[in-house]
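These notes concern the structure reproduced below.
The values are calculated or read from the model by the stated rules, or taken from the named source; none is laboratory data. Not measured: the values here are computed from a predicted model. FYI the Cβ positions are ideal-geometry reconstructions off the backbone, even for glycines, and counts take in every protein chain you see. Just so you know, the surface numbers come from the protein's heavy atoms only, side chains and all, with ligands and any DNA or RNA stripped out. Shrake-Rupley method; radii C 1.70, N 1.55, O 1.52, S 1.80 Å.
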Amino acid sequence: MKGTVKLKITEAKLYKVDLPLRNPFETSFARMKYKKCIILELIDDAGRSGFGESSAFDIPFYNEEFRSGSWSLLKEQLLPQVVGKEIAHPDDIYKLFSGIRMNNMSKSAVNCALWDLYAQQQQLNLSRALGGTKTEIETGVSIGVQASPQKLVEVVNGYLNEGYRRIKMKIKPGKDYEYLAAVRSKFPDAMLMADANSAYRLADAKLLQKLDDLDLIMIEQPLEPGDLLDHAHLQGMLKTSICLDESITSLEDTRKMIELKSGRIINIKVARVGGLGIAKKIQKLASANGIACWCGGMLDSGIARAANVAVATLPGYTLPNDIAASGRYYDADIIKPLVELSGTYVKVPTQPGLGYQIDRENLSRFTVASQRIK
Ligand code: MG
């Protein structure tokens, strides 16, 4: 580490951004036409800008956070503790914000923007500032629930032909075994996994045991987010590894998962755990205990996508990541160049900070409201 770094933040800007999605994204609550997020710009005393993103959706269906709440929290409670202050290290915010429970996506925006500045000050790419070593990271593809097993086979075939190795398929009750079995019988050697987004209960264990025949690399988040205990019971009954996503929101959750044996893999989402600092600690603890990690996404804009690329270069991220090319979701994004794949890999940028330029024109084009905090 070069010299003593001090992050003296003189100003913050919040941008409420509605980024048009190429194709509407279906959830059980809404059909989203836009990725609605908050972009945070922190400016230091040398005039450098660091960027972070709050991934809170409009409706609190993923976790307790929602965009207008995140906006107020950032504006009224988090940023006043940062603007006009000197911060020695980006991860000092965890102590600073310790009086505010949860709200990890809002905290993540601040932590990521500070890491961007911190890396720029040291003339390092964010990946290297974090301690990452890889020069490229592998990505997999994630496919939503399809209308029929045949349709799913067709879609999977398309992605395998594009060169993707790891195929993740969303499942839910009634659209599970038959769908996955159709894909497995057509593609005996493909690296397949299923994501259940908490759609099952322990009482469904028999059904989930049937999936053991399909040689999946993992089943992601079969049970409820708070249910580390039942995940442990379920893992004891399954040959297939359980991967936890929504269940892991902190280092403490990770410790409990390890002790209880609630799963063997973690999908680390930077936003869900409160930023790059916690993501790094989780992967370190996980790796030391034989738990494999990979990086998940939140339909991110280029800002969070760039931070995901950087964090996925850490040594514990050993499985393909859900970091798609920008173009899979967006025709226009707020970074340049866009995140692009070469084969199924993303090349890690080498420029200081996030390693991508902010497309200011697009940022203002897609901003629906903004706020300065001085
Ligand atoms: Mg998931």
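Quick notes
- Gyration tensor (alpha-carbon) shape descriptor, the range 60-157, a/c threshold 1.5: oblate
- Counting 0.36 nm for each residue step from ASP213 to LEU96 and taking away their Cα separation leaves a gain of 37.3 nm.
- Helix axis angle, 177-186 relative to the chain longest principal axis, alpha carbon, degrees: 80 degrees
- Under 17 Å from the Cα of LYS175 - aspartates and glutamates, other chains or at least 8 residues apart: GLU26, GLU154, ASP195, ASP204, ASP212, ASP213, GLU220
- Most to least packed among 290-299, 9-18 [average Cβ atoms within 10 Å]: 290-299, 9-18
- DSSP finds beta bridges in the range 129-358, and of those with both partners inside it, around 25 percent are antiparallel.
- A simple spin-label model places the labels of GLU86 and THR350 3.5 nm from each other, with each point 7 Å out along Cα-to-Cβ.
- The range 1-126 shape via C-alpha gyration tensor axes, a/c threshold 1.5: prolate
- Directionally averaged shadow of the range 248-374, computed from the convex hull of its alpha-carbon atoms, nm²: 9.4 nm²
- The range 148-188: mean projected area of Cα convex hull, nm²: 2.7 nm²
- C-alpha long axis of helix 104-121 to longest principal axis of the chain, angle in °: 60 degrees
- Degrees, to the nearest 10: 149-162 long Cα axis against longest axis of the chain: 50 degrees
- Cα-based shape type of the range 129-358, given that a ≥ b ≥ c are square roots of the gyration tensor eigenvalues and the cut on a/c is 1.5: oblate
- Entry note, the range 129-358: relative contact order of 21 percent, from Cα contacts under 8 Å with a spacing of 6+ residues.
- Relative contact order for the range 233-374, counting Cα pairs under 8 Å that sit 6 or more residues apart, in percent: 17 percent
- Look at the dipole of the range 129-358 built from charges on Cβ: of ALA182, GLN146, PRO352, the Cα furthest out on the positive end belongs to PRO352.
- Taking all protein chains as shown and a probe of 1.4 angstrom, THR135 keeps an accessible surface of around 100 Å².
- Sparsely packed loop sites in the range 231-293 (the trypsin sites (Lys or Arg not before Pro) outside DSSP H, G, I, E and B with at most 11 other Cβ atoms within 10 Å) comprise LYS239.
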